[in-house]
Each structure stands twice: as structure tokens, then as C-alpha cells.
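First the structure, in the form of C-alpha cells, and then the observations on it.
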Amino acid sequence: MAEFTLHDLQCFDAVVQAGGFQAAATALNRSHPAVFAAVAKLERQLGLSLLDRSGYRVGLTDAGRSFHRRAQSLLCELDGLRTHAAQLAMGEESELHVVIGDLCPRPEALGLLGRFFAQCPSTRLHLHFEAVTGPWERLFDGDADLILHRIDKSDPRLEWLDLGKVPMLPVVGAGLLPTPLPRAVTPERMRGYTQCVMRDTARHSPSRDYFVIEGAPQCTVGDQLMKKEIIVQGLGWGHMPRFLIEDELRDGRLLSIAGRHLPGRVEELVAARRRDRPQGPVAQRLWQYLEAQASQLRAALDPAAPTPRRTPALRRSSRASTAAR
């Protein structure tokens, strides 16, 4: 059997992924004849028919399907090796972009970032504040190196650090509903009241709605603090992160209407980044720092938990022991 090249494998994989030679050529920025010749050469060298060309779209033969699975493993290893080489070649980053989402306790998050970047004077921090799907969009568009928000943990493009759980409670101002409150408040009961919802800051991704009751009048806000004030003043009701309303629940300015009809939800706050992007030395140190300091954010999300002792600020000497992977 003659030797085949990585180029041949990449062309074959592109044809399978794109469903045709022309689409594969476009994806690889190669000519159609070049891609066709590479795949034909691969089949000739292997002595196998890898593609079924009889249909409208190119498909895999049984042998092609088995070979493609193994080829994908090799190509993934190659991508990982390239990423690792890029990390090794990186110097200190001149800037990092971090997005804080609407479910993150801001004072604690800003405190952690401030202490870290005080030890990295050569790296400029660009902070962004986004809501709903805005953090995801910035991350996948390449406009963010790291986000502090919730994610879909099944997405293979992401890696994350767990920072804590965020209970979301449906609440009303003390005078919005007649008292005493019914045992189980239903969505139908709340449809006549203005529902305060967060504005999705995503610019081009499909907007997503959470907890929205169809047909209810809405008041849209850009941040959780404005949302809380509107609800406290009796101008609407809505779901709030519990860590933001502990005082108001305690003194009676806000009342929880959570129950079997409006159960709320527990979100998971994480630090997340792209798995398929190279990470420079400062980004890698920030990742390790957040992992070590996560208890401070967990304490902010659960005020009943004991306050952790603050660990010393990051030392410059840690640079040598936390080199990029």
C-alpha cells in the first residue's frame, strides 16, 4: 500500500462533512479538481472504495464509514497538536476580553478580576457585560476569551469551571397581589400582571425567552438591578437570582411565588472558554486563578454559607509554574 498524506485525509474528511466535492473545495479554499484528485488518489492507494457517488449527495460506503471514523481521530489529534504549538509560541497577551453575564455576582467577580490583573500590568483587560445569550455569542464569535455565565455543558466546543448554583425565583413586590397569597400561584393568575424580563443582548443570534408567560404584558430591562427595582416598586413581577434579593425577601419587600406551577429553576454559573482555541500564558493563569478562587463566588451565591478566607493575591513568581499547556 502506498503512503497517503494528511492533505488526502483532509480532503476526504471535508467531502464527507460538506456532502460534496464542490462544497469541500470551498471549505478548504482549494479547487474542485484538486479535492477530487486527492480523494481518488487516497482510494487508489488504499485499494478501497470510500465514497458512494451514485446519489445526488456523495455518501460513505461501509468501508469509508469505518475508515472515516479512524481518520477523524487522527485529524483531531493534529488540530490539538497545532493548538499546543500555538500556545507554546505565544508570549504574554497584550489584552484579554472577559464577559460577565447577568447571572454573575458582579462585586465578587470584579474583585477577583481586579486582583488578578493588578499582577499583570502588561495585559489590558477588556470587560463586557452581556445578558441571556449575549455571552455565548461573543465567545463563539471570537470576541471573548472567557465568559462568566451559564452554558450548555453538552457543547463539545467548550470547557468550563463550576463556580456555583444560581436559584432563580419568581417574585412579586409586597403590594402587587392580594394578601394572603394563594397556596399555588398559577401562570394564568399572573397573565394579567406586567412581567419584567431581561433583554437579550445578542446581536445576531436567535433570541431566547426564559420564563415568559404567553400573552402577559411585558416590561423589558437591560440588567438585573433595574429588574429588581421595578419589581420592588410593584411595577411588574419576574424571576430573579436569589443572591440579589436575599435582603428584600427577608424584610418582606419581595415575596416568592415559587410553587409547583411556577417552580423557578437552578442555573449553574461557570467560567467558560473555547476548547478549540489556543490559550496564552496569562489566559491560562487566569483560568487556574479562577479555579482556586471559585469558593468566593460560591459564597456570594449562597449567603448562608460561611465566608471563605481570602487567599493571597497572585504572585508574580507563579508565572514559571503556570506556563501555558
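The values are calculated or read from the model by the stated rules, or taken from the named source; none is laboratory data. Just so we're clear, the structure is a prediction, and the values are computed from it rather than from any experiment. Cβ: placed from backbone, ideal geometry, glycine included. Neighbour counts: every protein chain shown. Quick note on the areas: whole protein, heavy atoms, side chains included, nothing else; ligands and nucleic acids left out. Shrake-Rupley method; radii C 1.70, N 1.55, O 1.52, S 1.80 Å.
Worth pointing out:
- Qualifying positions in the range 94-141 - over 18 Å from the mean Cα position of the chain (by Cα) and either under 17 Å from S207 (Cβ atoms) or part of a loop (DSSP other than H, G, I, E, B) (or both): S94, A118, Q119, C120, P121, S122, T123
- The condition of being within 30 Å of E43 (Cβ to Cβ) and either open to solvent by less than 50 Å² (accessible area, probe 1.4 Å) or of a type outside the set (D, E) (or both) holds for only one of L113, L74, that being L74.
- Test: residue in the range 159-170 that is over 13 Å from E268 (Cβ atoms), assigned to a strand (DSSP E or B) and of a type outside the set (D, E): yes
- Residues in the range 34-48 that are surrounded by 13 or more Cβ atoms within 10 Å (Cβ to Cβ) and either touching a residue at least 40 places away in the same chain (Cβ under 8 Å) or in contact with a helix residue (DSSP H, G or I) (Cβ under 9 Å, 6 or more places away or on another chain) (or both): A34, V35, F36, A37, A38, V39, K41, L42, E43, Q45, L46, L48.
- For the range 142-193, the set of residues classified as free of Cβ contacts under 8 Å to residues at least 60 places away in the same chain, under 30 Å from the mean Cα position of the chain (by Cα) and either farther than 30 Å from L96 by Cβ or open to solvent by 50 Å² or more (accessible area, probe 1.4 Å) (or both) consists of D143, D152, S154, listed by residue number.
- Failed item in (1) of a type in the set (G, A, S); (2) open to solvent by 40 Å² or more (accessible area, probe 1.4 Å); (3) touching a Cys at 6+ places or on another chain (Cβ under 8 Å), with A118 passing the rest: (3)
- The set of residues in the range 162-195 that are at pLDDT below 90 and of a type in the set (K, R) contains only R183.
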